[in-house]
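All remarks here apply to the structure that follows.
The values are calculated or read from the model by the stated rules, or taken from the named source; none is laboratory data. Quantities reported herein were computed from a predicted structural model and do not represent experimental measurements. Methodologically, a virtual Cβ is constructed for each residue, glycine included, from the backbone with ideal geometry; neighbour enumeration extends over all protein chains shown.
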Amino acid sequence: MPCNIPKTIIAALLIVLGLATTATANNSIHLSLNDDSVELGYAHTLSQDQWGRTVFTARALRNEDKDTNLGSAGIHALAAIYNVRGLEVGAGLRGYLAENYDDDIASTALGVMANYFPPALGGFGLSASFFYGPEILTGLDGEKIKEGNIKAAFRIQHRAEIFVHYSNIRAEFDNRRTETTLDETVRVGVGLNF
């Protein structure tokens, strides 16, 4: 079955990537996949100082099994916890636009995240996040959206990482009685920093 990510999501991501190549360093791109889904993501560090960093993120996701096309973009603020080496925590906003079968959802979600890459593990670490878009911030055919992620990764000299990623994205729609799973899967991937 061909991958059918909407052209507008691909165009938006290409524009962001094009702009990023003209900016300074602190960019990363990741690709993760399995037999039924693929996710392409981009992150750009907007600012960084001794207190932490602010990051812009964007991604496109296609899940053939769940018939989901999803795009998201957000701003996250992260700070290192100084008495725990390798721990970074943060919060952020993320906008979603998704299509599932014939229903569409647009939402703004609030989220929390944590990254833990202790130096003693030589590049191994974990990342987790949770985002929630309530009914008041959700439109089109949707009522709310939730996303949880956990990732185990190995970083190679701060230039690349190999990872295994579990994603769970659920939404409620106006015309459906139960919560709909937009994406629930494990993907393997590679990330590159430039």
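Things worth noting here:
- Failed item, numbered, when Ala171 is tested on (1) under 17 Å from the mean Cα position of the chain (by Cα); (2) closer than 20 Å to Ser37 by Cα; (3) surrounded by fewer than 19 Cβ atoms within 10 Å (Cβ to Cβ): (3)
- All positions within the range 86-110 that are out of contact with any Lys or Arg (no Cβ under 6 Å at 6 or more places or on another chain) and crowded, with 18+ Cβ neighbours inside 10 Å: Glu88, Gly90, Gly92, Arg94, Tyr96, Leu97, Ala98, Glu99, Asn100, Ile105, Ser107
- Here the range 111-136 is the region considered, the condition is being over 19 Å from the mean Cα position of the chain (by Cα) and closer than 28 Å to Asn175 by Cα, and the residue that is surrounded by the fewest Cβ atoms within 10 Å (Cβ to Cβ) is Ile136.
- Taking the numbered list (1) closer than 19 Å to Gln48 by Cβ; (2) in a strand (DSSP E or B) in turn, Arg85 passes all entries but (2).
- Qualifying residue in the range 24-37 (condition: touching a strand residue (DSSP E or B) at 6+ places or on another chain (Cβ under 9 Å), within 18 Å of Tyr96 (Cα to Cα) and at pLDDT 85 or above): yes
- Scanning the range 129-149 for residues that are among the hydrophobic types (A, V, I, L, M, F, W, C) and within 19 Å of Gly71 (Cα to Cα) yields Phe130, Phe131, Leu137, Leu140, Ile145.
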